[in-house]
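Here is the structure we will look at.
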Amino acid sequence: MIIYLDTSVVLKLVVEEKESVSAAEYLSAATAQGHHLVASMLVYTELHCAAHRRGFPAELVNSVLAGINLVDVARSDLMYAAALPGRLRSADAIHLAAAIRLQCDVLVAYDADLLAAAVEAGLNVRSP
């Protein structure tokens, strides 16, 4: 199974938030079952920028990212994201377009608009 991770879930592995423990447990169980965690390189940029703003070391971010298969954002992702209906923010639309291109089985996120758009696009979603 391919599980696509939005920045909102990966950030919970770096910053202690309400859902951090359940997110970590869900992702640990998924990898233990042989599922593949993927995200676009957009997660790399967003996570490092968030770490800079909050004063977290880059090594912490890199250790979290090491467990995720990061794939390049394709030009087609950017074009498809621009054409998606609804009111998604740019980064969320790019994440959804990448998840669709990668034919992911599940999209994991905490953003309600992204989750709704993913369901509308036919993806299974989780917010552990």
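Listed values, structure above:
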quantity: Residue-by-residue Karplus 3J(HN,Hα) for segment 109-120, coefficients 6.51, -1.76, 1.60, Hz, glycine and proline x; calculated: 7, 10, 7, 4, 5, 5, 4, 5, 5, 5, 4, 4
quantity: The chain: angle of helix 90-101 to the longest principal axis, Cα-based, in degrees nearest 10; calculated: 80 degrees
quantity: Charge context of Ser127, other residues only, Cβ under 15 angstrom, K/R +1, D/E -1; calculated: -4
quantity: Cα gyration tensor shape of segment 3-72, rounded if a/c is under 1.5, else prolate or oblate by comparing a/b with b/c; calculated: oblate
quantity: Viscosity 1.306 mPa s, 10 °C: Kirkwood-radius Stokes-Einstein D of segment 2-126 over Cα pairs, µm²/s; calculated: 109 µm²/s
quantity: Sequence ranges 94-102, 110-118, ranked by mean other-Cβ count within 10 angstrom, highest first; calculated: 94-102, 110-118
quantity: 5 angstrom amide H check on Leu107, placed H, neighbours 5+ away; calculated: Tyr4, Asn124, Val125, Arg126
quantity: Cα-centre dipole for the chain with unit charges at Cβ (Lys and Arg positive, Asp and Glu negative), debye to 20; calculated: 160 debye
quantity: For segment 69-121: rounded, prolate or oblate by the Cα gyration tensor [a/c cutoff 1.5]; calculated: oblate
quantity: Formal net charge of residues neighbouring Asp113 (Cβ-Cβ distance under 15 Å; K, R +1; D, E -1); calculated: -2
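Only the coordinates and a few stated rules stand behind these numbers; no lab work does. For clarity, every value in this text was computed on a predicted model and none was experimentally measured. Heads up, the Cβs are rebuilt from the backbone with ideal geometry, glycines too, and the neighbour counts pull from every protein chain shown.
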